[in-house]
Each structure stands twice: as C-alpha cells, then as structure tokens.
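Each remark here refers to the structure printed beneath this line.
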Amino acid sequence: MSFRTSGNITVATIVMLLAGAQSQQSVTLSSRSLCALTGSTVKIPCKYTSSSSSVRAREWYQVQRPDGEPQDLSKDPQYLGRVSVSTRWNDCTLTMNNVNVSDSGVYNFRFRIWSSEWISASSGVILTVTDLKVMRPNTYRWTTKLHCSSTCTLPNNPTYIWYRNGQPVYKQNTNELYMYDYSGAGSYSCAVRGYEELRSPAVCVYGKDSCWSVTYVTQSICALIGSSVDIHGYYTFPDQQPTPQPAWYARLHLQVKELSHADDRVEVFSHRANVNTLRLKHLTESDSAEYLLRFKAPYMIQTDSSAGVSLSVTGLKVNVDSPAVPGSEGQTVTLSCSSTCTLPYNPTYIWYKNGQRVSHCTSVSCSVSAVRDAVSYSCATEGNENLLSPPVYAPRNTRALMVSSGERVEGDSVTLTCSSEANPPVLTYSWFKQRAAADTLLPTGQNYSISNISSQHSGLYYCTAHNQLGQHNSTTTLLDVLYPPRNTRALMVSSGERVEGDSVTLTCSSEANPPVLTYSWFKQRAAADTLLATGQNYSISSISSQHSGLYYCTAHNQLGQHNSTTTLLDVLYPPRVPSVTDRVSGDSVTLLCYSDSNPISNYSWYKKTGSGVILLGNSTNLTLATGAVGLFFCTAQNQFGSMDSSEYSVPTGNPAGTYAASGVTVVFFLTLIAVCLWVRRGSAAVSRRSEETSTNHDSAPVYDNISALAKTCDSTVSSDDQDEVHYSSVHFTHSHTQEVLYSTVQLPKALIQGEEVEYATVNITKTKVSPQ
C-alpha cells in the first residue's frame with residue numbers, strides 16, 4: 001500500500017530515492033587486521049564515496065569500547081595528539097603514532113551528509129599492538145638458544161637485529177640466536193630492522209656482573225616544542241639479584257639532577273619488564289638536555305659512565321626565499337618548513353594560509369604568491385597539527401606617524417616614521433603623498449624628513465612596508481603646516497555699477513592656517529585710515545557719494561596678520577545743484593557751470609525769455625558779449641538725472657568798472673581793519689601799564705584817548721582773539737548769484753609785536769548798479 005503526497009510523489013517513491021542515495025555512500029577499508037610494534041606508527045588505509053560534496057561529519061572511532069559508546073578518536077583523551085585523518089578528497093586514512101598495547105582493538109570510519117544517518121564500513125580493522133620479547137625455549141649445557149617473539153605476526157616478513165650489551169650482533173638476521181660457550185655471556189635483546197628503537201627487553205645469559213647494563217633505543221631524539229616525548233631505557237641485571245630501582249636524571253652542562261616526580265610534566269612508568277620509560281610533556285626549549293637511566297644504591301655505580309639520550313627540543317620555523325624584488329604582487333615565493341634538528345619518522349608537512357589549510361602543499365616546501373594585503377603562512381607536521389610554527393606574514397598594522405605630538409609652523413622641520421609588523425622583517429619602506437590625480441612617490445626609508453616645511457607640504461602622507469611575502473599600506477597621517485594669513489583679498493560680493501541708494505557688501509578672503517580669527521575693515525584716507533568694522537563681510541545698506549573711496553581688509557590669526565590690496569567703491573549719482581561763477585575779461589563776462597556728479601555731467605546753458613527758455617550752447621562755459629542782459633542758468637546732466645542751477649542776472653553798464661569800484665572799497669576796509677588792530681593792541685598795553693603804575697596820573701589822558709579809539713574800532717571789527725593776523729573775505733552778492741572773493745592782508749611786523757596772528761572776515765554786499 002502507498003500513500004499519495006502533494007505533487008503526486010508517493011512515500012514509497014521517496015523511500016526508494018533515499019535508498020538509492022544511500023547505496024551511493026560507502027566506506028572501504030583495505031585491511032582487516034594489522035599487527036604493530038609498541039611505540040611504532042600505524043597507518044590504516046581508508047576510502048569513502050559520497051554522492052554529495054557536503055559531508056556533514058566524519059570520524060574514526062574504536063568499536064566495542066568499554067563504555068559501549070563510539071567516540072571520535074580526535075576528541076578522546078587517550079588518543080589526543082597521536083591521531084590524524086587525511087583531509088584529501090574521499091581519503092580517510094588514519095595515522096596513529098606511538099601505539100601501545102592498550103591501543104589494541106577494532107577501529108572503523110564513518111561519515112554522514114545532511115540527508116542521511118551515519119555511514120560506515122561493514123566491519124572494522126583489528127589492530128594488535130605487540131611487544132618483542134627474548135625467549136629461551138631450550139638451554140643445554142654448552143648451548144643456549146634465544147628466540148625473538150611477538151604476540152602477533154608482524155607484516156612484510158621482517159628482518160631481526162640482535163643486541164649484546166646494547167651493541168648489534170652482526171650477521172644474525174633471523175628471530176633465533178645460538179650461543180655455544182660462556183664467551184657470549186651478557187645481556188641480549190632483539191628488534192625489527194627499521195624499528196631499531198623498539199627493541200625488546202634484554203635477558204641475561206651466562207653472566208653475573210657482565211649483565212649489568214642500561215641501553216637506549218636511540219642516542220638522540222628530536223621533538224617539537226609543545227609536544228610529548230617518551231624516552232625508553234632498557235636495563236639488565238644478573239639473575240638471582242633483587243630487582244633494582246631505576247631513576248631518571250638530566251645532565252646539562254656537566255650538572256646531573258634527578259627529575260622530580262612532583263613536576264606534573266614528568267611521568268615515569270614501566271609497561272614491560274626491564275624497560276623503564278620517561279615521558280616529558282609540553283616540552284619547552286629548556287628541556288633540551290641529556291637524559292640518563294640509573295639504578296639507585298647499591299647499584300648506582302654500575303651505570304655512572306653510560307651515555308644517555310640527548311633530547312633536542314625544537315620549534316618549526318618557516319624560511320622565506322628572498323625574491324629579486326621584495327613584495328612584488330603575484331611573484332612566486334618559496335617557503336620551507338625547518339627545524340634545528342631532524343624530526344623522526346620522516347613526517348608529512350601541513351601548510352596553513354591565514355589559519356586555513358593549503359591543500360596543494362604537503363612537503364617540506366611550499367610555493368606561494370606575494371600579495372598586497374596582510375597574509376600569513378605557518379607549517380606543522382601531520383599528527384601535530386596543533387603545534388604550528390610561528391607564522392610568517394606580509395607586513396600588517398603598518399602605521400605612519402610624526403616623530404614629535406605638537407604644532408608645525410612654516411619653517412620648522414618635521415620627520416615622519418613608518419612602523420609595521422612583519423615576519424620576515426620589513427625589507428624596504430616607501431613614502432607617498434596622497435593627491436587627487438595620482439599619489440606622489442617620495443624617498444624610500446623608514447623615516448622621511450622635511451627640513452623647512454611650508455604650506456605646500458601640508459597634506460596626507462602614508463607609507464608602504466615591503467617584505468618577501470608582500471606589502472601593506474599604512475593609513476594616512478595629516479601634516480598640517482600652520483602659517484599666518486596671506487593672499488588676502490577684498491572684493492565686492494557682486495559686480496556691476498553701484499548707484500547712490502544701493503546696498504553693497506565687501507568680503508574679505510585670506511589663506512591662513514589656523515583659519516583667520518578676525519577680519520578688520522578700513523577706508524583709506526589721506527591723514528589716517530579709518531577702522532570701519534570687524535567681520536569677514538562689510539555691508540553698507542544705502543550708499544552715497546561719501547562712501548566712494550578705497551577700502552581694504554586685514555586678516556588676523558594666532559601667527560600674524562596680512563593686509564589686502566585696496567578695492568575701489570565707486571558710487572554713481574546724479575548731478576547736484578550746479579554752481580555758477582563769472583570771470584570778467586575786458587568788456588565781456590564768462591560764466592562757468594560746475595556740478596558734483598558721477599559720472600561727469602554734460603552741461604547746457606539757457607536764457608530765460610518771456611515765453612520760455614532758449615538753449616545757448618552745450619559747454620561748461622558761456623561767454624556774454626558787452627551789452628548782454630537777462631537771466632541765465634545752466635543744466636548739468638548724466639545718465640542718472642539732471643539738475644538746474646540758480647538764475648544768473650548780468651548787470652547793466654560797464655562790468656569792468658563795477659568790479660574796479662568794488663576793489664577800491666575792499667582796500668579801504670582792509671586799511672581800516674589794520675588801523676583798528678594796532679589801536680586795540682595799544683589799548684591793551686595801556687591797560688597793563690595802568691595797572692602797574694597806578695600811582696602815576698600824568699599820562700592818563702593819553703591812554704584814555706587810545707582806549708576810546710579802540711572802542712570805536714570794536715564797533716567796526718569784532719574778534720575773539722586780539723593777537724592774531726586777520727584775513728578778510730569779501731563776498732559780492734548779485735541779485736541771483738553770489739561770488740566769493742578772498743583777500744588776504746598781513747599786518748606789518750611792527751604791529752604784530754610777537755603775538756599770534758588774528759583773522760577777520762568782512763562780508764560786503766554788492767548793490768546793483770542802475771543802468772544808465
């Protein structure tokens with residue numbers, strides 16, 4: 001019976017699809033049983049097939065564990081650091097180092113993908129770990145037979161090696177050894193060729209004192225920092241003797257010291273007869289020494305002269321071949337994983353890039369490409385993946401810094417320094433200045449110095465660190481050069497004509513670092529420039545002709561100040577009321593018209609008539625011939641407006657005679673003023689003398705007369721200061737216009753008498769002369 005589901009797919013169909021997918025998943029183990037010597041390395045070949053590349057989990061486990069629950073070997077404390085699984089595609093080979101008898105058991109591999117349960121081989125691999133042992137099956141009076149035996153059959157029909165008192169017995173390549181007399185007395189042990197360090201415990205034959213011995217699998221061991229190492233000591237002693245108590249010692253620089261059992265990194269145990277093992281864990285370089293197995297008293301003297309096992313503790317190191325050009329992107333660089341001593345068992349090397357395994361590198365060397373970004377490489381040996389070498393890496397954390405934390409003013413010197421983390425160390429440093437178009441390459445070297453900085457040196461700088469593996473750019477650092485204001489300019493905000501009544505704004509700009517703190521505005525004047533206001537902008541809301549002139553600004557910061565050049569404010573305005581002046585020449589009079597305006601006005605002259613006005617000409621001057629009469633006026637005009645002058649009336653008669661009579665009158669008044677000043681000074685002197693000689697009454701009438709004359713002059717001339725020279729201004733007033741004449745009279749030195757100069761102004765009104 002089947003049940004339909006959505007989309008017409010039955011449950012039975014789904015089961016069949018899953019069964020088909022299941023049939024494509026399998027695990028193949030090439031061996032069913034293995035025999036291995038205690039202390040050796042075992043490889044169990046394994047392959048698996050999966051229809052999907054997304055394997056969810058995979059692990060080796062021991063079947064029929066005492067607790068009954070399979071556990072991933074890589075997480076089992078019993079196997080920690082001793083097992084590794086190939087990571088190649090579809091390869092699941094297990095490598096187990098330093099096996100011991102307790103590792104004997106059945107092992108299997110399993111995996112699963114997201115859509116299935118665990119998939120494993122139908123049956124696992126039986127691993128038997130055995131010790132070698134010397135047996136004496138038959139002993140005759142003159143003949144002794146020794147047999148090298150194991151609990152399982154070793155693979156590949158091995159060749160055996162026999163040892164007498166720790167030294168090989170030549171030409172004895174079988175697992176049996178015969179001795180025919182007492183000349184062969186001593187201790188004997190055996191091993192399999194290729195596994196000489198895994199020899200059997202020794203037995204004593206024929207001897208007593210000659211059977212005292214301590215031997216080691218090897219005289220030297222190379223181990224990685226952080227790993228654990230087992231040092232096996234084989235000892236023999238005569239029959240019928242009490243079992244001696246072995247102890248381990250370390251010899252370094254001729255000093256011998258017994259190892260302390262209180263050290264949790266030291267472990268001593270004996271799994272087999274006549275074999276004592278020293279296990280050192282979490283090795284450090286300071287553990288490099290010679291280790292010896294000795295018997296405690298009373299047997300200690302028997303082994304004092306024996307050589308021990310030299311332990312060298314090394315770390316892995318990645319060496320980098322130096323390319324021709326450091327850090328060139330894409331350039332091939334060869335890495336090699338090295339150690340200070342030769343690691344045992346010809347290990348397989350694993351390479352990592354930024355912590356991820358590099359699949360194409362499995363040997364002691366690895367070829368990589370140089371890069372521009374920070375990248376690291378490290379190596380390890382298979383089975384000791386947690387004991388990585390220190391990484392080599394392209395430069396990283398590159399920084400560009402100023403050598404000193406302070407202000408840099410124009411003219412100072414400055415030094416930038418580049419630092420970077422790199423292994424191997426940085427070979428070269430390059431300096432750049434960041435620009436919009438393309439960055440500028442500066443001199444190379446860890447430091448970059450500028451002896452005399454200017455504002456042109458301001459900007460962002462960075463450095464690049466290079467080694468054999470690549471290069472890395474630092475972040476930018478700012479060189480901020482401070483300087484006082486310069487290139488200060490005063491400008492109008494908007495261009496064009498400025499007409500009276502408009503508003504105008506002037507703005508000040510300046511280059512400065514730090515920025516300008518204050519701007520000050522001035523108007524240029526002949527005597528002294530006038531401070532107008534502060535601020536970057538200066539505005540006038542309603543300009544007039546009085547605002548015309550040259551303006552400039554001053555920019556200030558903490559380092560100084562700078563003045564701009566001047567800018568002209570030219571205010572345009574219509575003509576003001578024109579003024580008319582006359583100039584007499586013979587019998588003619590020339591009238592001159594002038595008006596204040598911007599731009600300059602054009603002038604026109606008119607004569608009033610009964611019915612209107614007559615245009616007489618377009619000029620600033622108008623010359624009237626003798627006999628001309630009437631009312632005249634001028635007009636000033638520019639593009640902003642026009643303005644008429646007051647009317648001017650030409651007098652009748654001889655104009656020249658009229659002005660001559662006026663001149664005589666002026667001379668008369670000036671003479672009168674001079675006399676009055678002399679009289680007033682005399683009056684003042686009389687007053688002072690009168691006070692000093694008040695008892696002398698004979699001269700009083702004279703002084704009184706002078707004082708009276710002074711009073712008369714006071715009515716004619718009025719002055720606040722009697723000790724000044726007086727100037728007279730004579731004003732002639734016509735009926736419709738006014739002309740100002742100036743006449744200057746300076747008194748004779750006899751009248752000044754060392755006093756200050758006085759000025760007097762006389763207004764004279766000129767009356768019209770009736771026409772004759």
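The values are calculated or read from the model by the stated rules, or taken from the named source; none is laboratory data. Keep in mind the model is a prediction, meaning the values are calculated, not measured. Positions of Cβ are generated from backbone atoms using ideal geometry, with glycine treated the same way; all protein chains shown enter the neighbour counts. Keep in mind that these areas ignore ligands, DNA and RNA; they rest on the heavy atoms of the full protein, side chains included. Shrake-Rupley method; radii C 1.70, N 1.55, O 1.52, S 1.80 Å.
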Quiz item: Running Debye on the range 94-133 with equal point scatterers at the Cα sites and no solvent, what base-10 log of I(q)/I(0) appears at q = 0.14, 0.25, 0.26, 0.28 Å⁻¹?
Solution: -0.46, -0.89, -0.92, -0.99
Quiz prompt | Accessible area of the range 233-286 divided out per residue, in Å², using a probe of 1.4 angstrom | solution = 62 Å²
Self-check item: Under 13 Å, Cβ to Cβ, from Y461 - net charge with Lys/Arg +1 and Asp/Glu -1
Solution: +2
Quiz item: Counting only protein heavy atoms and using a 1.4 Å probe, what share of the accessible area of the range 149-198 belongs to carbon plus sulfur, as a whole percent?
Solution: 47 percent
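Excluding D439 itself, what net charge comes from residues whose Cβ is under 15 Å from its Cβ, given Lys and Arg +1 and Asp and Glu -1? Please report the intermediate quantities before stating the final value.
Values: positive: R372, K433, R435; negative: none.
Residues near D439 contribute +3 overall.
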Self-check item: Separation of the T342 and E117 label points, Cα + 7 Å toward Cβ, nm
Solution: 5.2 nm
Self-check item: Surface accessible to a 1.4 Å probe, per residue, for the residues of the range 474-516, Å²
Solution: 49 Å²
Quiz item: Can you pull the percent of the range 389-523's accessible area that's carbon plus sulfur, 1.4 Å probe, other chains left in place?
Solution: 49 percent
Quiz item: If you project the alpha carbons of the range 390-433 onto their three principal axes, what span does each projection cover, largest first, in Å?
Solution: 45, 18, 13
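Tell me the per residue accessible area of the range 525-574 using a 1.4 Å probe; a whole number in Å² is fine. Present the calculation step by step, with values, prior to reporting the outcome.
Details: 2730 Å² over 50 residues.
About 55 Å² of surface per residue is accessible.
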